[in-house]
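To start, the structure itself, in structure tokens.
The values are calculated or read from the model by the stated rules, or taken from the named source; none is laboratory data. Because the structure is predicted, anything quoted here is derived from the model rather than measured. Don't worry about glycine lacking a Cβ; one is built from the backbone with ideal geometry, like all the others, and counts go over all protein chains shown.
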Amino acid sequence: MGGQQFASGAPLLDMTGLNRAVDLDHGRGLLTIEAGADWRQIVQATHELQPGGVRWAIRQKQTGADSLTLGGSISCNAHGRGLLMPPLVADIESVELVTPSGELKRVSREENAELFPLVVGGFGLFGVIAAATLRLTPRLKLRRLVDIIDLDDAVHAIWRRIDQGCLYGDFQYAIDPSDDSFLRRGVMACYEPVPDSTAIESADPGLPREAWLELLALAHHDQREAFRRYSLHYLASHGRIYWSDTMQLSTYIPTYGEFVAKSLPEGSWRPERSLMITELFVPPAELNAFMAAARGILRSTGVQDIYGTIRAIRKDSETILPWAREDYACVIFNLLTEHSEGGVERTRRACRMLIDAAADRGGSFYLTYHRWATREQLLRCHPKLPEFLALKRKHDPAGVLDSDWHRHLRRVLGSET
Ligand SMILES: Cc1cc2nc3c(=O)[nH]c(=O)nc-3n(C[C@H](O)[C@H](O)[C@H](O)COP(=O)(O)OP(=O)(O)OC[C@H]3O[C@@H](n4cnc5c(N)ncnc54)[C@H](O)[C@@H]3O)c2cc1C
């Protein structure tokens, strides 16, 4: 995750003990909760604070993992699977911030307003978020609609789904580079609201842990079969009804790497490997051209993509360092990377080429997953970085809050900062 969490040689604040729900404003749908709470705890708090019936629920959270804290999510201005949603900043009413000089300040669009666009998406550099007030949304029942479809059609199909009222959705693409379907065919899953009276026949048990692990192993050595099985799993859930909040929770198995290594022929996991996540943003009209370029990049570098999705984001007009500078399609790649000099270099090269392919089409990249963007790429895709770093110096002149990523930025951007 790029090192923004850590500062070598410095104390680390672990916020996870600070996880109590403080208050739920039932009239306005505002949940105040301590910032070390993770998403399962946040969803649980909304349920416990509404014992008579859950009217208010979270709007969005990250996909793929739940043990990410509210403070960490605000600090990276995270996004979920909303089809028409800006990043998390739009869901934040206010935060309780401990500033670098040790003062406790309430920060919102009205109070200490100059800090709000810095703290949200500020990667922890402008203060420690002790608690936050999250804007909730009415809890809905949603019907999942699944299509196995080519990307060219999906770009139009997604608009039809939005017109039909769908609120969430994503496109999980095929990963076999030797096949024509590579980064082209995919599982498009969208979620449309249905009346509250619609019965949830039984909770979706989802894939059992063993099936997940098997799929992950297949994604490493038989990508075609992995996609076939995954598609069947999704198609079987077409038409199912979910609650809008619990539908967003997900399974993450931190030890999956060990399972995958054991499932492969002896010795073929040497040297060790793991996944490097990278996320690129492009204007929706450029998505097909970008994916064609990505196909070429991954095939020519030989870097294997183990899993990826495409989602939508609406422009963020509030933070100082917005990653969603426009309405974008967001493309995620999880690139298998050997822990060897050559392996890391291959993925680094692929990541840089992907950034150029996005930037050439008016797009950008997610700043902190890795530290491989060149100085030129950083400034081209995140032109406000020099201003961001200057404001960091202004608000924290003693450099109380620091990270390896921040040090890296200062080193790479040099005279600009
Ligand atoms: C499996 C997985 C899936 C993911 N999927 C998505 C996704 O779908 N969408 C998305 O947007 N992101 C996604 N991410 C990225 C994730 O949202 C960020 O890495 C997020 O910051 C992690 O939160 P954390 O609580 O682990 O924070 P950490 O990694 O601990 O910290 C992240 C940053 O937040 C700062 N920070 C943490 N807590 C506080 C606090 N209380 N006050 C001030 N600063 C703080 C840290 O200093 C650091 O800069 C994913 C990450 C993983 C591991």
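Of the residues making up the range 321-354, those that are part of a helix (DSSP H, G or I) and crowded, with 22+ Cβ neighbours inside 10 Å are 347, 350, 351, 354. Being part of a helix (DSSP H, G or I), within 16 Å of the ligand (Cβ to nearest atom), modelled with pLDDT of 95 or more and not polar (S, T, N, Q) is a condition met by at least one residue of the range 371-385.
Selection of the range 51-72 for residues being under 30 Å from residue 163 (Cβ atoms) and out of contact with any Ser or Thr (no Cβ under 8 Å at 6 or more places or on another chain) yields 55, 60. Tell me, yes or no, whether the range 276-295 has at least one residue that is within 16 Å of residue 172 (Cα to Cα), part of a loop (DSSP other than H, G, I, E, B) and in contact (Cβ under 8 Å) with a residue 12 or more places away in the chain. Within the range 276-295, none of the residues are within 16 Å of residue 172 (Cα to Cα), part of a loop (DSSP other than H, G, I, E, B) and in contact (Cβ under 8 Å) with a residue 12 or more places away in the chain.
Residue-by-condition table, conditions (1) over 29 Å from residue 311 (Cα atoms); (2) of a type in the set (D, E, K, R); (3) modelled with pLDDT under 95:
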{"residue": "3", "(1), (2), (3)": "no, no, yes"}
{"residue": "6", "(1), (2), (3)": "no, no, yes"}
{"residue": "14", "(1), (2), (3)": "yes, yes, no"}
{"residue": "25", "(1), (2), (3)": "yes, yes, no"}
{"residue": "31", "(1), (2), (3)": "no, no, no"}
{"residue": "35", "(1), (2), (3)": "no, no, no"}
{"residue": "39", "(1), (2), (3)": "no, no, no"}
{"residue": "59", "(1), (2), (3)": "no, yes, no"}
{"residue": "69", "(1), (2), (3)": "no, no, no"}
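The sole residue among 65, 113 that is among the small types (Gly, Ala, Ser) and within 13 Å of the ligand (Cβ to nearest atom) is 65. The requirement of being of a type in the set (D, E, K, R) and in contact with a helix residue (DSSP H, G or I) (Cβ under 9 Å, 6 or more places away or on another chain) is satisfied by residue 179. Taking the range 149-256 and the strands (runs of 3 or more DSSP E) fully enclosed by it, the elements with 2 or more residues that are away from the ligand (no atom under 16 Å from the Cβ) and of a type outside the set (Ser, Thr, Tyr) are at 185-194, 241-243.
Conditions (1) in contact (Cβ under 8 Å) with a residue 12 or more places away in the chain; (2) of a type in the set (Gly, Ala, Ser); (3) buried (at least 19 other Cβ atoms within 10 Å of the Cβ); (4) in a helix (DSSP H, G or I), marked per residue:
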{"residue": "74", "(1), (2), (3), (4)": "yes, no, yes, yes"}
{"residue": "79", "(1), (2), (3), (4)": "yes, no, yes, no"}
{"residue": "84", "(1), (2), (3), (4)": "yes, no, no, no"}
{"residue": "131", "(1), (2), (3), (4)": "yes, yes, yes, no"}
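Selection over the range 86-129 of residues that are in a loop (DSSP other than H, G, I, E, B), crowded, with 17+ Cβ neighbours inside 10 Å and of a type in the set (Gly, Ala, Ser) gives a count of 4.
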